[in-house]
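The values are calculated or read from the model by the stated rules, or taken from the named source; none is laboratory data. Being a predicted model, the structure only gives us computed values, none of them experimental. Neighbour counts run over all protein chains shown; Cβ positions are idealised from the backbone, glycine included.
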Amino acid sequence: MSAPSPRRWAALALIATAQFIVIMDTSIIGVALPRIQADLGFSQENLSWVFNAYVVAFGGLLLLGGRLSDLFGARRLFGAGWFILLAGSLVAGVAPEVWVELAGRVIQGAGAALIAPSALTLLMMLFGHDPKELTKAMALYGAAAPAGGTAGVFLGGVITEYLSWPWVFYINIPIAVVALLANKSLMPDAQSQRGSVDVTGALTVTAGLGAAVYAIVRAPEAGWGSAQTWLALAGAVALLGAFVAVQARRREPLMRLSILRTPNLAAANLAQLLLGGAWIPMWFFLNLYLQQVLGYSAFPSGAALVPMTVLVMVGMIVLAPRAMARFGPKAMIVAGLALLAAGMGWLSLISPEGSFVVDVLPASLVAALGMSLAFIPSLGTAISSARPQEGGLASGIVNTSYQVGSALGLAAMTAVAAANGAGRLGDLPALTDGFSAAFVGAAAIAVAGAVLAATTLRSHRTEAEPSAVHSA
């Protein structure tokens, strides 16, 4: 085993920054959407695609990003991802019309899909020599995700109010330049592997995920029983079925299907999918409740999410590693998802005359504690279960699970909220009923995650040491 890099903690700072940015880019456009709509002429129906174009490209291309990381080296793909993200941010910022804006967001998502799996692979390369260091590094990496999500809301409001909406994209450019300059000196190099790139697999899985998100996003307006919704869902099933068939036949597939038979890998990825499907809708509708019901402006709304974010970060860095070492990852995943469900069940009791201190703060802190306990154990279990030479693929799969869960969970809960009155702006009781229904639905997703984790994850002591597979 090679000696640990003396620059590994500086490299971790860049890796955590990468995680922060790719998650921030999903949320930073939220407050800016009305001004983007006014300047570029988006229709109300198509405006959500400023968000979805990024998430679908990100989630759909993560498997390809993981495979390319294994083939060409994680450091090389990490740099390529930053360059593509920089280009997409520039295009999205200068966009004069709708299609250019969406193209920029797709390019951003493609860059993020290269950054995320290569970043996790680099983290494993840097810290796989020491289980204690790896656990600490994974905690810092994991804490960057909720920090990025909340910072996106907060910064989006500040930038939109005091600068202009293109700067929500331009903010990525100087960070990308620094990352590109530091990449070679900080990140470990790995020899490229021989192999081919499964372009057909990448196209079918990306198109299939995109069709599924499109169908769910459009269903509240088109109708769940409409031909448009059913055709889109049928197309998604057909494309994802084609992806599985292609993977089963190819000698060098994008995703080796047998990897899902690796003990705990599929179960941990399912936990990540349902964790994303519960957490992101909670964060999204909590922000809407603060602004549209309690009357908070962009800046106070972002600030109101800071206590929750701080607890998530402290929980991931301090509490989760200690609890995982004592109780093992399975117990932490189950307990974390159960706490997340309890917090969202509490949030469902919101009222039109509510207050931040009574209706939001305590419930959001319970949910945040649950998120902090479940995220790191499920992430570490998913990655450590794979072969060392498939670290990029495992990273791509687990990132895909979380992002796809986030996109589908948000789309589904948006439909639930709309069906229960969340579309009636200005009608505070109706809005509250809709948001409450979304919290109940998200809580149900978390409960399902806890039950499935309890029944499908194996309890082995080695699970508490995420690097065991890689250091063998």
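Of Ala367, Ala382, Ala394, all but one fail to be within 23 Å of Val293 (Cβ to Cβ) and crowded, with 24+ Cβ neighbours inside 10 Å; the exception is Ala367.
In the stretch 45-66, the condition of being of a type in the set (Ser, Thr, Tyr) and free of Cβ contacts under 8 Å to residues at least 24 places away in the same chain is met by no residue.
Please identify the pairs in which a residue from the stretch 238-258 that is at negative phi has its Cβ atom under 7 Å from the Cβ atom of a residue that is of a type in the set (D, E, K, R) and not in a loop (DSSP other than H, G, I, E, B), counting only partners at least 6 apart or on another chain. Matching pairs, first to second residue: Leu254/Arg67. Does the stretch 373-383 contain at least one residue that is closer than 19 Å to Trp283 by Cβ, at pLDDT 90 or above and hydrophobic (A, V, I, L, M, F, W, C)? Yes, the stretch 373-383 contains at least one residue that is closer than 19 Å to Trp283 by Cβ, at pLDDT 90 or above and hydrophobic (A, V, I, L, M, F, W, C). Residues in the stretch 1-58 that are modelled with pLDDT of 80 or more and of a type in the set (Asp, Glu) were compared, and the one that is nearest to Ala112 (Cα to Cα) is Asp25. Of all residues in the stretch 397-431, those satisfying the criterion of being part of a helix (DSSP H, G or I), of a type outside the set (A, V, I, L, M) and surrounded by fewer than 24 Cβ atoms within 10 Å (Cβ to Cβ) are Thr414, Pro429. Each residue in the stretch 331-355 was checked for being within 22 Å of the chain's Cα centre (by Cα) and either outside any helix (DSSP H, G or I) or under 19 Å from Leu123 (Cβ atoms) (or both), and 0 pass. Against the conditions (1) over 24 Å from Ala419 (Cβ atoms); (2) in contact with a Ser or Thr (Cβ under 7 Å, 6 or more places away or on another chain); (3) surrounded by fewer than 17 Cβ atoms within 10 Å (Cβ to Cβ), Gly223 satisfies every one except (1). Within the stretch 92-127, the set of residues being surrounded by 22 or more Cβ atoms within 10 Å (Cβ to Cβ), more than 20 Å from the chain's Cα centre (by Cα) and either without any contact (Cβ under 8 Å) to a residue 12 or more places away in the chain or within 25 Å of Gly73 (Cβ to Cβ) (or both) comprises Met125, Leu126, Phe127. Taking first residues from the stretch 312-336 that are in the same structural domain as Ala374 (by TED's automatic domain parsing) and partners that are acidic (Asp, Glu) and part of a helix (DSSP H, G or I), the Cβ contacts under 8 Å between residues at least 6 apart in sequence or on separate chains come to Gly328/Glu463; Pro329/Glu463; Lys330/Glu463. Of the residues making up the stretch 260-271, just one is surrounded by fewer than 20 Cβ atoms within 10 Å (Cβ to Cβ), outside any loop (DSSP other than H, G, I, E, B) and either in contact with a strand residue (DSSP E or B) (Cβ under 7 Å, 6 or more places away or on another chain) or touching a residue at least 12 places away in the same chain (Cβ under 8 Å) (or both), namely Ala266.
Being assigned to a helix (DSSP H, G or I), of a type outside the set (Gly, Ala, Ser) and crowded, with 24+ Cβ neighbours inside 10 Å holds for only one residue in Val358, Val312, and it is Val312.
Residue check: Met24 meets all listed conditions (1) surrounded by 24 or more Cβ atoms within 10 Å (Cβ to Cβ); (2) without any contact (Cβ under 8 Å) to a residue 40 or more places away in the chain; (3) not acidic (Asp, Glu) but one, namely (2). Screening Ala304 on (1) surrounded by 18 or more Cβ atoms within 10 Å (Cβ to Cβ); (2) among the aliphatic types (A, V, I, L, M); (3) touching a residue at least 60 places away in the same chain (Cβ under 8 Å) shows it passes everything except condition (3).
Scanning the stretch 405-419 for residues that are touching a residue at least 60 places away in the same chain (Cβ under 8 Å) and either more than 11 Å from the chain's Cα centre (by Cα) or more than 18 Å from Leu62 (Cβ to Cβ) (or both) gives Leu408, Gly409, Leu410, Ala411, Ala412, Met413, Thr414, Ala415, Ala417, Ala418, Ala419. Scanning the stretch 243-259 for residues that are within 25 Å of the chain's Cα centre (by Cα) and surrounded by 14 or more Cβ atoms within 10 Å (Cβ to Cβ) gives Phe243, Val244, Gln247, Pro253, Leu254, Met255, Arg256, Ile259.
For the stretch 128-206, the helices (runs of 4 or more DSSP H) that sit wholly inside it and include 2 or more residues that are surrounded by fewer than 16 Cβ atoms within 10 Å (Cβ to Cβ) and at pLDDT below 85 are 131-162. Across the stretch 93-103, not a single residue is classified as of a type outside the set (Ser, Thr, Tyr) and in contact with a Ser or Thr (Cβ under 6 Å, 6 or more places away or on another chain).
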